[in-house]
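These notes are about the structure you will find just below.
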Amino acid sequence: MSGHYYREAPPVQAKPRRKRRWGRITLIVLLVLLIGFVVFWFYLDSKLNRINALKDYPGRPADTPGTNWLVVGSDSREGLSEEDREELATGGAAGKRTDTMMLLHIPDGSGPSTLVSLPRDSFVDIPGKKKQKLNAAFALGGPELLVRTVETSTGIHIDHYAEIGFGGFVHIVDAVGGVDMCIDKAMKDPKAGLDVQAGCQELDGAQALGYVRTRATPRADLDRIARQRQFLSALVDKATSFGTIINPFRSIPLANNTVETLTVNEGDHLHNLAGLAWAMRGAADGGLVTTTVPLGASRSVAGVGSVVQWDPARSKRFFEALKNDTQIPQDLITTG
């Protein structure tokens, strides 16, 4: 026997199967979550209330650059019980009228979106009807006539339509857990069910509805539409925040309440609403310009009542800028 000794090579160690198993489990979990998200997305999309609000008509403005939404808040009491109506001081009026009308322009390129309040008492030509208040268009012909009136008055082609009533607004605010607002002076208006103190505070759905409805301030509707823009931007910021999105106890009720109470055009889908929400974020950081259409004098018209008129020259320049997807001149922006 030789004097050399040979050692057997150590056996090859098999790779741990545990890592492989955990990797497979992780992949399966991610796949299930992805499928669940897609299913939930299409489920929500199917629950959207759709109407044909954007019908063509002779002389309709051609498609203009950017994306334009008409966002409408109606005084519909649908979904509110008698107790809700009493608590929210909404009254029991039947039917629907427009309480809020805003035009949102999302530019094609870079730059902030623009949210424009269109006062309900604006004195405008309503196609097929006599000249009267803008909110009469909705009462006389629903969303279709309102869209047509806005398009013919501004020269801007409306691409999307979104409408929400009192009940839906309250439910969405409550779904995000309330919205923080800083209020300069104490506000009390029994007609709107509002009683809040001055200072920074969280408004729940009932308080928020009163806050955006009240006209019991020196400038009445003009103060109200400024508050509406302010609150809507804060609400969207809260709804799209990281803390809301990752919290299923917030995000799921929010998603359900939004699609159940929102009415959109028949061609609109959930991804369009996501684009709407994203465009309305960040007013405090310059991500959204909020303003009112340039106004002229107010006056009283027989058979119509007190109306506000758009300043002819300034409003023309204002809407030309939006129509051409260019920056609105600073002298035309009214934040208050």
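Structural remarks
- You will find that of Gly305, Gly286, Gly282, the residue that is in contact with a Pro (Cβ under 7 Å, 6 or more places away or on another chain) and either of a type in the set (Lys, Arg) or more than 14 Å from Leu103 (Cα to Cα) (or both) is Gly286 and no other.
- Flag for Asp45 being modelled with pLDDT of 80 or more and part of a helix (DSSP H, G or I): yes
- Residue list for region 242-252, filter: open to solvent by 50 Å² or more (accessible area, probe 1.4 Å) and either closer than 20 Å to Lys47 by Cβ or touching a residue at least 60 places away in the same chain (Cβ under 8 Å) (or both): Ile245, Pro248, Phe249, Arg250, Ile252
- Verdict on Ala255 being out of contact with any Ser or Thr (no Cβ under 8 Å at 6 or more places or on another chain), free of Cβ contacts under 8 Å to residues at least 40 places away in the same chain and not acidic (Asp, Glu): no
- Every residue from region 200-222 that is open to solvent by less than 30 Å² (accessible area, probe 1.4 Å) and without any contact (Cβ under 8 Å) to a residue 60 or more places away in the chain: Leu203, Gly205, Ala208, Tyr211, Thr214
- Helices (runs of 4 or more DSSP H) (entirely within region 205-294) containing at least 2 residues that are at pLDDT below 90 and of a type in the set (Asp, Glu): 221-239
- Residue in region 139-177 that is farthest from the chain's Cα centre (by Cα), counting only those that are part of a loop (DSSP other than H, G, I, E, B) and over 25 Å from Leu209 (Cα atoms): Gly155
- Residue count for region 111-157, restricted to those that are more than 22 Å from Pro312 (Cβ to Cβ) and open to solvent by 40 Å² or more (accessible area, probe 1.4 Å): 6
The values are calculated or read from the model by the stated rules, or taken from the named source; none is laboratory data. Predicted, not measured: the structure shown is a model, and the values here were computed from it. When we count neighbours, we look across all protein chains shown, and the Cβ atoms used for this are built from the backbone with ideal geometry, even at glycine. The area values use the complete protein model at the heavy-atom level, side chains included, leaving out ligands, DNA and RNA. Shrake-Rupley method; radii C 1.70, N 1.55, O 1.52, S 1.80 Å.
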